[in-house]
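Taken together, the values in this text are just the output of simple stated rules run on the coordinates, not laboratory data. Because the structure is a prediction, the values reported are computed rather than measured. Neighbour counts are summed over all protein chains in view; Cβ atoms, including those assigned to glycine, are modelled from backbone coordinates with ideal geometry.
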Amino acid sequence: MFKQTEELEMAGIPHLDKVKIDIIAAKGAGSDIDWSHDVKSAGHSNGKKIKLPNGVGYLLEFSLKRNGLDVRFDAKAPFYCKDGTVDPCPSDISTDQIMVSECSADYLAVIDWNYGGARDLRYQLNFVTETGGHVNPYDPIIENGGGGIKPIINI
């Protein structure tokens, strides 16, 4: 897995702009977590959607704000994604627009190539407890502007 934009460029991967997003956990009803996000990079928030303007690919850097809760990214399957926004939520990565680059308990990096025409992607962030117990997922939308470069290598 590639960890930094510089490593990607050295491997012949098109340039990716970084977008920083805080994923915020708050105590919900029962054992559920109430999720929200805060896009830290200017120009990349469109209400509840993450906005990726036309022209380049992106390295999405998700930082988990636990707020004292027993939750972390699920390192085995941290991110699911599909083209379109209709139900149900995705259960895997079924679009070639996306790939997971790096994952730890509090950090997830995802590459969004953002190529082709504009489209919305429905994604799901997956979480577990420290002992591996299931935690309810978070599933907002990415608004891809298109126009990025599709990599010609299979990574």
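Across q = 0.09, 0.13, 0.20 Å⁻¹, segment 5-144 modelled as identical point scatterers on its alpha-carbon atoms has Debye log10 I(q)/I(0) values of -0.25, -0.54, -1.27, in the order of the q list. Computed over segment 5-144, relative contact order equals 25 percent, with contacts defined as Cα pairs under 8 Å that lie 6+ residues apart. Amide H contacts of Asp17 (H built 1.01 Å from N, in plane; Pro and chain starts excluded): Gly57, Tyr58, Leu59 sit under 5 Å, all sequence-distant by 5 or more or on other chains. The HN-Hα couplings worked out from phi for segment 35-43 by the Karplus form 6.51 cos²θ - 1.76 cosθ + 1.60 (θ = phi - 60°) are 9, 8, 9, 9, 6, 7, 8, 4, x Hz, whole numbers, x standing for Gly and Pro. Within a Cβ distance under 13 Å of Pro90, other residues only, what is the Lys/Arg minus Asp/Glu net charge? Result for the local shell: -3. Among beta bridges identified by DSSP and lying wholly in the chain, the antiparallel ones come to about 70 percent.
Given their separation in residues at 0.36 nm each and the Cα-Cα distance between them, Ala77 and Lys27 gain 15.7 nm when the chain is fully extended. A Förster radius of 35 Å combined with the Cβ-Cβ distance from Ala118 to Leu69 puts the calculated FRET efficiency at roughly 0.45.
Phi angles of segment 14-23 translate, via the Karplus equation with coefficients 6.51, -1.76, 1.60 and θ = phi - 60°, into HN-Hα couplings of x, 4, 10, 7, 8, 10, 9, 9, 8, 9 Hz per residue; Gly and Pro are given as x.
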